């Protein structure tokens, strides 16, 4: 099935089996997909702000571009799903199944990503500013062109993670042991942290 430039705003599509369908430039503002079967679907440049994908099966789904701000993916199956160049501001992924989830060049400002494992992942161009990353596992991950500015990092693990090409925001010395223990930083990042303490390194 292929849907192009269709408008499904505010519709209840919960429980439907749309597996393998393609959606191109469609609108799903406020649409409900609760418990829908959306495995292997393609979403190309769609708009779905405030859509509800709670408990839906999105295994191997692909999201290319598009606006999904404030959408809810709580307890959804997102195993091997991929988001590329998508706007996910304020989106909630609470308790979603995310084994093999791929995120590239996405806006995740103020998103709820609590408890997600990014272990050994390569993360490129992700804006996590002000996101809730509590309990996330970034161990052995490589973050390139990402931002962690003002994110909630409580309980995060960055052991052996490479953060040398990531914007950390304001970091205090106490944050190093609490949030960034065991990670790799660039010389420039380390110098910036020291300079914030009013210390001059010769």
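Looking at 51, 86, 106, 80, which is the one that is surrounded by 20 or more Cβ atoms within 10 Å (Cβ to Cβ) and out of contact with any strand residue (DSSP E or B) (no Cβ under 7 Å at 6 or more places or on another chain)?
Values: 86 fails: out of contact with any strand residue (DSSP E or B) (no Cβ under 7 Å at 6 or more places or on another chain); 106 fails: out of contact with any strand residue (DSSP E or B) (no Cβ under 7 Å at 6 or more places or on another chain); 80 fails: surrounded by 20 or more Cβ atoms within 10 Å (Cβ to Cβ).
51 is the lone residue from the list that is surrounded by 20 or more Cβ atoms within 10 Å (Cβ to Cβ) and out of contact with any strand residue (DSSP E or B) (no Cβ under 7 Å at 6 or more places or on another chain).
Would you call residue 143 surrounded by 18 or more Cβ atoms within 10 Å (Cβ to Cβ) and either outside any helix (DSSP H, G or I) or modelled with pLDDT of 90 or more (or both)? Spell out how you get there, then give the answer.
On the way: surrounded by 18 or more Cβ atoms within 10 Å (Cβ to Cβ): yes; either outside any helix (DSSP H, G or I) or modelled with pLDDT of 90 or more (or both): yes.
Here the answer is yes, as residue 143 does meet what is asked.
Restricting to the range 1-59, name every residue that is part of a loop (DSSP other than H, G, I, E, B), more than 22 Å from residue 100 (Cβ to Cβ), over 21 Å from the mean Cα position of the chain (by Cα) and modelled with pLDDT of 95 or more.
If the condition is that a residue be part of a loop (DSSP other than H, G, I, E, B), more than 22 Å from residue 100 (Cβ to Cβ), over 21 Å from the mean Cα position of the chain (by Cα) and modelled with pLDDT of 95 or more, then 5, 6, 8, 9, 10, 11, 13, 14, 15, 16, 25, 26 are the ones that fit.
Which condition number in (1) in contact with a strand residue (DSSP E or B) (Cβ under 6 Å, 6 or more places away or on another chain); (2) at negative phi is the one that residue 125 fails?
That leaves (2) as the condition not met.
Of the residues in the range 119-137, how many are in a loop (DSSP other than H, G, I, E, B), free of Cβ contacts under 8 Å to residues at least 24 places away in the same chain and more than 10 Å from the chain's Cα centre (by Cα)? Lay out the reasoning, then the answer.
At the first step, the residues of the range 119-137 found to be in a loop (DSSP other than H, G, I, E, B) are 119-121, 125-126, 128-131, 133-136.
Cutting the leftovers down to free of Cβ contacts under 8 Å to residues at least 24 places away in the same chain gives us 119-121, 125-126, 128, 130-131, 133-136.
Filter again for more than 10 Å from the chain's Cα centre (by Cα), leaving 119-121, 125, 130, 134-136.
Counting residues in the range 119-137 that are in a loop (DSSP other than H, G, I, E, B), free of Cβ contacts under 8 Å to residues at least 24 places away in the same chain and more than 10 Å from the chain's Cα centre (by Cα) gives 8.
The values are calculated or read from the model by the stated rules, or taken from the named source; none is laboratory data. Bear in mind the structure is a predicted one, so any value in this text is a computation, not a measurement. Ideal geometry is used to build each Cβ from the backbone, glycine not excepted, and the neighbour counts take in all protein chains shown.
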